[in-house]
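Laboratory data are not the source of any read-out in this text; all were calculated from the coordinates shown. All of these numbers come straight from a predicted model, not from anything done at the bench. Cβ placement follows ideal geometry from the backbone for every residue including glycine, while neighbour counts extend to all protein chains displayed.
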């Protein structure tokens, strides 16, 4: 979504692309799109935020303290996004 001009900046937008910080502009719309991707038409932002906790535990996402609806990709995730084949042996 962050790389797609249909969604960025209307629904989700970069706050600091270099550091991986982004913000949900329309949290309900983000939840609906995530639900569509996961084949769950009853997805809400509350359910999405619960699911996002798994990404915190896996070291993929971090919350930005003191900022509502603002999140950050971890350094690990940013490296994987920038070098997707690094660990694949190619």
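Each residue in the range 31-46 was checked for being in contact (Cβ under 8 Å) with a residue 12 or more places away in the chain and touching a helix residue (DSSP H, G or I) at 6+ places or on another chain (Cβ under 7 Å), and 5 of them qualify. The number of residues in the range 36-80 being at negative phi and either surrounded by 13 or more Cβ atoms within 10 Å (Cβ to Cβ) or in contact with a strand residue (DSSP E or B) (Cβ under 7 Å, 6 or more places away or on another chain) (or both) comes to 25. Within the range 12-30, the set of residues being farther than 16 Å from residue 72 by Cα and touching a helix residue (DSSP H, G or I) at 6+ places or on another chain (Cβ under 8 Å) comprises 28 only.
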